[in-house]
Amino acid sequence: MAVHVLKSPVSADALAARLAAAVDSPVAVVAMGSPWRGDDAAALRVADRLAGLPGLGPRRLFNVETAPESFLIPIGTCGAKSCILLDALDAGASPGDVVLLEPEDLEHTDFTTHGLSPKAFLAALAELSGMTLLVLGIQMGPIREGDRVSDAVGRAAEAVAEALGRVCGAPPTGDTDDPPAAGTSRDGPDAHGA
């Protein structure tokens, strides 16, 4: 798969079709980002919308915030055939654009907010699990500590949540004002104790 950029405003229908063609069910969804850094919280917003979705639940939806390495074993052993890593990224697109890429294409992006780089995390996950891996990024705008998610990125997060809800089996529900705490979902604490 080449790098695909879906321009803002993103169509949930078009994104769902691309995702469905790229992954096999069941799917694990991993959301990375910082809840306190504006657009960097985009993936956490998506995770909040997807919490409680029957096809995901707490065993296949992981809100890892900035510590994906803490969730490596639970993600790698969750029984999914595919894993979609959600994150805000800087791919040189416009804020709110959605970028689909494979892990090997991550060298062409600028990830800076995580302890372990997404590329290193995905390499370890691939070795552990053998899952099909896909990166779904939302192009972020400028990030400042304490900012809220921008309107363009917020709209993209809504489209991503809707598309993932379709691909994972049901439309998402829930409120998107605050991302769930690390290791939790609306269903409660992470069963893996991370």
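The values are calculated or read from the model by the stated rules, or taken from the named source; none is laboratory data. This structure is a prediction, so every number in the text was calculated from the model and none was measured. Here the Cβ is made from the backbone with ideal geometry for all residues, glycine too, and neighbour counts use every protein chain on show.
Assorted remarks:
- Failed item in (1) under 14 Å from L133 (Cβ atoms); (2) in contact with a Pro (Cβ under 9 Å, 6 or more places away or on another chain); (3) part of a helix (DSSP H, G or I), with L72 passing the rest: (2)
- Only listed residue being under 21 Å from E145 (Cα atoms) and at pLDDT 85 or above, chosen from D90, D97, D110: D90
- Conditions (1) among the hydroxyl-bearing types (S, T, Y); (2) out of contact with any strand residue (DSSP E or B) (no Cβ under 8 Å at 6 or more places or on another chain); (3) under 18 Å from R60 (Cβ atoms): number failed by S150: (3)
- In region 132-151, residue farthest from H4 (Cα to Cα) [restricted to those that are under 17 Å from the mean Cα position of the chain (by Cα) and not in a loop (DSSP other than H, G, I, E, B)]: T132
- For region 9-31, the criterion of a residue being outside any helix (DSSP H, G or I), at pLDDT 95 or above and out of contact with any Cys (no Cβ under 8 Å at 6 or more places or on another chain) is satisfied by at least one position.
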